[in-house]
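Notes for the one structure printed next.
The values are calculated or read from the model by the stated rules, or taken from the named source; none is laboratory data. If you're wondering where the values come from, they're calculated on a predicted model, not measured in any experiment. Positions of Cβ are backbone-derived with ideal geometry, glycine not excepted, and every protein chain shown enters the neighbour counts. The protein model used for the area step is the full one, side chains on, heavy atoms only, and it has no ligands, DNA or RNA in it. Shrake-Rupley method; radii C 1.70, N 1.55, O 1.52, S 1.80 Å.
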Amino acid sequence: MKNIAIIGLGLIGGSIGLKLKGLGTGDRVLGIPRREETLKKALEMGAIDEGSLDISRVAEADIVFLCTPINLIIPRLKELAPHLKKGAVVSDVGSTKTEIVSQAEKLMPKGTYFVGGHPMAGKEQTGIEVAEADFFKDKVWILTETSRTRQKALEEVEEVVRLLGPKVVRMDPKTHDLVVAGISHVPLAVAAMLVNLVADSEQKEQMSQCASSGFRDTTRVASGDPVLGRDMFVTNRVAVLKTLKNFRAKLLELEKLIKAGDAAAIEKELKSAKEFRDKLFG
Ligand code: NAP
């Protein structure tokens, strides 16, 4: 039986708690959110066994999951670190990893360990109200591995994460950040700027009137939490800028083909995109 503490009980923290509690493994789930209101809601929903607003309660935990907004993960870790018991392992769910993991590894007191994590599951709404026990089922959960990672700690986190239902993939933080820049952060940049393109267009009214499922699906992620998006761009600056540069080059290639009226080459580009996407999503 383990004592598991979840700091931040929103979509992700709440979903972790709901699943762990639902499994009935006997592990004890302690929730530490920011507001009393969230604490009450988490207890009502059965996402935690017990809750507190007092961060020093992490002293009881064998494993801690930091599930606050990205920019609060390190500040909260600084507050809780002195209270950790020997052997405790801390993980997080932040959407970017290089900055968080390198700072966290330096902050851990002797005899305690950090393992970075990121569940590749998301939705546009946030907050405990939209948490779901099966939110991570059949998704991917990335755990980071660095030269400072203690294997036993990684295995302990992996064991708990597997209970939540995802496939676990191990990666170094830099690779993680490039991966999410390509499949999450730059797509958000494109979706948001596409929406702004329409909003700022002289044909805004007519475009709005005519926009249908294609535009809605292409821009779905632009309806996500702007604070989460902001933190992704700010804390994954290097990988996002590198990927945006590559994307600009891709757009420029297509622009050149359109300018040249090269129908065969345009079709070839679209065909290769269709084939790859169809393989990805069936
Ligand atoms: P969320 O639903 O907004 O939940 C954030 C939680 O953090 C809230 O319960 C909030 O408490 C709590 N919180 C805020 N400030 C806090 C503080 N100072 N101390 C303790 N708790 C605090 O956000 P989320 O979507 O779960 O995202 C949480 C993390 O998951 C982020 O780091 C994000 O990068 C990562 N993530 C998100 C997604 C996604 O699609 N949303 C996907 C993968 C990973 P109150 O309720 O009391 O305000």
Highest to lowest packing among 69-81, 10-22, scored as the average C-beta count within 10 Å: 10-22, 69-81
Quick one: which residues, 5 or more positions from residue 9 or on another chain, have an amide H under 5 Å from its amide H? H modelled 1.01 Å from N in the peptide plane, none for Pro or chain starts. 34
By accessible area of protein heavy atoms, probe 1.4 Å, what ranking do 275, 60 get, highest first? 275, 60
Karplus 3J(HN,Hα) series, Hz, for region 62-70 with 6.51 cos²θ - 1.76 cosθ + 1.60 (x for Gly, Pro): 8, 10, 10, 10, 8, 10, 8, x, 3
Could you pull out every residue, at least 5 positions away or on a different chain, whose amide H is within less than 5 Å of the one on residue 90? Hs are placed 1.01 Å off N in the peptide plane, and Pro or chain starts have none. 64, 113, 114, 115
Helix-only mean residue ellipticity at 222 nm, the chain, DSSP H runs n ≥ 4 weighted -39,500 (n - 2.57), per residue, nearest 500. What is it? -16000 deg cm²/dmol
By a straight-distance test (C-alpha under 19 Å), which aspartates and glutamates pair with residue 106 as possible cross-link partners, with residues fewer than eight away in the same chain excluded? 79, 92, 145, 172
Distance in nm between label sites at residue 244 and residue 275, each 7 Å beyond Cα in the beta-carbon direction? 3.2 nm
Below 11 angstrom from the Cβ of residue 171, what's the summed charge of the other residues (Lys, Arg +1; Asp, Glu -1)? 0
Rank these by accessible area, largest first, 1.4 Å probe: 156, 50, 36. 36, 50, 156
Nearest-10 value in Å² for the accessible area of residue 240, using the 1.4 Å probe: 10 Å²
Could you give the dipole magnitude of region 164-278 about its Cα centre, charging the beta-carbon of Lys and Arg +1 and that of Asp and Glu -1, in debye to the nearest 20? 400 debye
Rounded to the nearest 5, the percent of DSSP beta bridges in region 3-171 running antiparallel is 10 percent
For region 3-171, what % of the accessible area comes from carbon and sulfur atoms, probe 1.4 Å? 49 percent
Count the lysine pairs in region 185-273 that are 8 or more places apart or on different chains: how many have C-alpha atoms under 25 angstrom apart? 13
Rounded, prolate or oblate (a/c below 1.5 giving rounded, otherwise prolate when a/b exceeds b/c) for the chain by Cα gyration tensor: prolate
What are the ³J(HN,Hα) couplings of region 267-282, residue after residue, when phi is run through the Karplus curve with 6.51, -1.76, 1.60 and θ = phi - 60°? Round to Hz, x for glycine and proline. 4, 4, 4, 5, 5, 5, 5, 4, 4, 5, 5, 4, 5, 5, 10, x
What's the carbon and sulfur percent of region 176-281's accessible surface, probe 1.4 angstrom, rounded to a whole number? 61 percent
Under 5 Å between amide H atoms, partner at least 5 residues away or on a different chain: which partners does residue 31 have, H built in plane at 1.01 Å? 6, 49, 50, 51, 52
For region 98-111, just list the computed ³J(HN,Hα) in residue order, Karplus coefficients 6.51, -1.76 and 1.60, θ = phi - 60°, integers in Hz, with x standing in for Gly and Pro. 4, 5, 4, 5, 5, 6, 4, 4, 6, 7, 6, x, 3, x
Which residue, chosen from 222, 260, 1, occupies the Cα position most advanced towards the positive end of the dipole of the chain, where the dipole is computed from +1 (Lys, Arg) and -1 (Asp, Glu) charges on Cβ about the Cα centre? 260
Any idea what angle helix 11-23 forms with the longest principal axis of the chain, computed on alpha-carbon atoms, 0 to 90 degrees, nearest 10? 50 degrees
Over the chain, what relative contact order in percent results from Cα pairs under 8 Å that are six or more residues apart? 15 percent
If you count only protein heavy atoms with a 1.4 Å probe, what accessible area per residue comes out for the chain, rounded to a whole Å²? 55 Å²
